[in-house]
1. If we keep just the residues of region 122-146 that are more than 16 Å from ligand 2 (Cβ to nearest atom) and closer than 23 Å to Arg73 by Cα, which is surrounded by the most Cβ atoms within 10 Å (Cβ to Cβ)?
2. Taking the criterion of being closer than 25 Å to Ser224 by Cβ and free of Cβ contacts under 8 Å to residues at least 60 places away in the same chain, would at least one residue in region 128-137 satisfy it?
3. Kindly indicate whether any position in region 158-166 is in contact with a strand residue (DSSP E or B) (Cβ under 6 Å, 6 or more places away or on another chain), modelled with pLDDT of 95 or more and within 12 Å of ligand 1 (Cβ to nearest atom).
4. Need pairs with beta-carbon distance below 8 Å; first residue without any contact (Cβ under 8 Å) to a residue 40 or more places away in the chain and part of a helix (DSSP H, G or I) and within region 164-176, second within 13 Å of ligand 2 (Cβ to nearest atom) and not small (Gly, Ala, Ser); sequence gap 6+ or separate chains.
5. Just need a number here: residues in region 217-269 that are modelled with pLDDT of 95 or more, over 20 Å from the mean Cα position of the chain (by Cα) and either among the aliphatic types (A, V, I, L, M) or in a loop (DSSP other than H, G, I, E, B) (or both).
6. Report, by residue number, each residue of region 3-14 that is over 13 Å from Val61 (Cβ atoms) and more than 9 Å from ligand 2 (Cβ to nearest atom).
7. Taking helices (runs of 4 or more DSSP H) that fall entirely within region 9-121, which contain at least 3 residues that are touching a residue at least 24 places away in the same chain (Cβ under 8 Å) and either away from ligand 1 (no atom under 16 Å from the Cβ) or surrounded by 23 or more Cβ atoms within 10 Å (Cβ to Cβ) (or both)?
8. Between residues in region 145-159 that are closer than 23 Å to Ala184 by Cα and residues that are acidic (Asp, Glu) and part of a loop (DSSP other than H, G, I, E, B), which pairs lie under 9 Å by C-beta distance while being six or more apart or on different chains?
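The values are calculated or read from the model by the stated rules, or taken from the named source; none is laboratory data. Source: prediction; values computed, not measured. Every residue, glycine as well, gets a Cβ built from its backbone with ideal geometry; the counts of neighbours run over all protein chains shown.
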Amino acid sequence: KHQILIDTDPGVDDAMALLFLRALPTVRIAAITTVFGNADIGTTTHNACYLAERFAIEAPVIAGAAQPLYVDRSAAPVHVHGRNGLGDADLRLEGRRAIDPGPAHERIVELIRARPHELTILAIGPLTNLALALRLDPGIASLVSQVVVMGGAFGWNGRRGNVSPVAEANMRHDPHAADEVLAASWPVTMVGLDVTSRCVFTTEEACRLAAQGGEAGQFLWDISRGYEAMYRTHDGVEGFCLHDVAAAAYVIAPEIFATSRGPIRVVTEGIAIGQTIQPAPGHSFPAGAWDHVPAQRACKDVDAPRLLGLYADTL
Ligand code: BDR
Ligand code: CA
């Protein structure tokens, strides 16, 4: 089984990724750590707890970072994920499970050290917790199975950003953390907008899932009404992007993606703040910013129909 630690800011598409992974027999969710992003940390942690409790996910929910490392926290994207982070659906639940107060980065270190070479870290929010974990114990870099990150873009598919012309939201929320995580000596795969913006789940498919996907299918329909409306208004599509689901799918079905390797860094200030950059292959540069930056993997292309089918069939 894939042993996965999910670092997340639920988040409409985060909820989709969590329920997708929960439904896969080849996956064991080892822990859910939370981070600010789609809403403040209190809200994203509450949402993670809600999802774990309502959908019987056994993993502990551990609270993480409330703020980026250095930049000011960006406003929560209420027009995308709603005021409560889950499309303003009613999220009352009796007897919620206890939240582990964390901090998440300490637990991440403990969990990796307890299961050397076994854990996949799936990061689908800002990368603050992972950067703090690496700072606390750089030795964890050689002890993970892999790190899969939803974030960034290189424009391979014409798309470079979703919160600025060049920045994707998770990178923009904490660009310093993202730069540290991508430049660390652990095996990262970046699942960016290059592929996730092609994974559009149509309204028709969402409707079918609501009818045939049981409680989870109906719940995902309920929380995604505003998310879908946002895509209709901003992108002119009848459906919505499965960003975080695509990163989750990479863990269990990497063969449906095409990847390339090279060093990746993140712009930490100025108008391009949050942009992911990569030197063109074969170029060398004077000593400086690219010294000792390890090659990481980035997804260039995806078999989107297969990914969307895998998601719908699994749920
Ligand atoms: C990413 O930002 C958030 O809005 C989503 O949950 C996803 O992780 C997409 O840019
Ligand atoms: Ca997310």
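1. Per the stated criteria, the residue is Ala133.
2. no
3. no
4. Listed by first residue and then by second, the contacts come to nothing, as the list is empty.
5. Number of matching residues: 1.
6. Gln3, Ile4
7. Answer list for region 9-121: 12-22, 41-54, 104-114.
8. Partner pairs satisfying both residue conditions: Ser145/Glu118; Met150/Glu168; Gly151/Glu168; Gly152/Glu168; Ala153/Glu168.
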